[in-house]
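S.K.: First, the structure itself, so that you have it in front of you.
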Amino acid sequence: KLTKQLNKANRHGDHMTLHNIFNQFKAKKKKKRREWCEKKEYSFNALRLAEQTYFELYTLVRKSKLNVGKKLVRTYMLQQEIEEKILRAICAGFHANLAYFNGRIHDSNVYKLVEHNQEAFIHNESVLYVLGENDLDKRFLIFGDLIRNDKLYMKNFTPINLDMLAEFSHKHYS
């Protein structure tokens, strides 16, 4: 669970935290990966599936003649540039999953889902609970999943800069 990994939490939210965990997984020798996952309480099967997906996408990019080799990306891009490109990709793919901060109810932050006009809360496994309220700009979020229990919860979210989101959305947000 993300909340157990305070030192691995990324201020850019769940997506970037998962990206960091995936990179750590890939950096381990294949024989040590399962043991590493057990020690960190990560799902070995989920990370292995993520790695398979990564290599499928990487192969497609290489076949499309886009010169985005692994070494090129790691050698010439700073971490901040890599994170910005990932955030831009998240905006491009999930811009319809936008929520904005709508106040507090009973000590919980409430968000309004733009496309559905519904209230939602941040799931308690999110890095937001690890980082604390002052560490994230929570005004606008892009979420990956919605879960309904007693309330509607967002999972796998990324705080987002509205200017960046505007590049990919047909709607005007302000």
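S.K.: Would you mind finding the one in Lys31, Lys26, Lys71, Lys40 that is basic (Lys, Arg), open to solvent by 70 Å² or more (accessible area, probe 1.4 Å) and either at pLDDT 80 or above or within 30 Å of Arg139 (Cα to Cα) (or both)?
M.R.: Lys31
S.K.: If you check every pair at least six apart or on different chains, which have Cβ atoms under 8 Å apart with a residue in segment 130-153 that is within 14 Å of Tyr111 (Cα to Cα) and open to solvent by 30 Å² or more (accessible area, probe 1.4 Å) first and a residue that is small (Gly, Ala, Ser) and modelled with pLDDT of 60 or more second?
M.R.: Leu146/Ala120; Lys151/Ala120; Tyr153/Ala120
S.K.: Within the set of pairs 6 or more residues apart or between chains, which connect a residue that is touching a residue at least 12 places away in the same chain (Cβ under 8 Å) inside segment 103-119 to a residue that is open to solvent by 70 Å² or more (accessible area, probe 1.4 Å) and of a type in the set (Phe, Trp, Tyr) with Cβ atoms less than 8 Å apart?
M.R.: If the second residue must be open to solvent by 70 Å² or more (accessible area, probe 1.4 Å) and of a type in the set (Phe, Trp, Tyr), the pairs left are Asn109/Phe101; Tyr111/Tyr100; Tyr111/Phe101; Lys112/Tyr100; Val114/Tyr100.
S.K.: Now for a different question. Sort out which residues of segment 132-155 are modelled with pLDDT under 85 and farther than 14 Å from Lys112 by Cα, and write them in order of number.
M.R.: Gly132, Glu133, Asn134, Asp135, Leu136, Asp137
S.K.: Between Ile82, Ile21, Ile90, Ile86, which is under 16 Å from the mean Cα position of the chain (by Cα), modelled with pLDDT of 85 or more and of a type outside the set (Phe, Trp, Tyr)?
M.R.: Being under 16 Å from the mean Cα position of the chain (by Cα), modelled with pLDDT of 85 or more and of a type outside the set (Phe, Trp, Tyr) holds for just one of Ile82, Ile21, Ile90, Ile86, which is Ile21.
The values are calculated or read from the model by the stated rules, or taken from the named source; none is laboratory data. Because the structure is a prediction, the values reported are computed rather than measured. With ideal geometry, Cβ positions are generated from the backbone for all residues, glycine too; neighbour counts draw on all protein chains shown. The accessibility values were calculated without ligands, DNA or RNA, using every heavy atom of the protein model including side chains. Shrake-Rupley method; radii C 1.70, N 1.55, O 1.52, S 1.80 Å.
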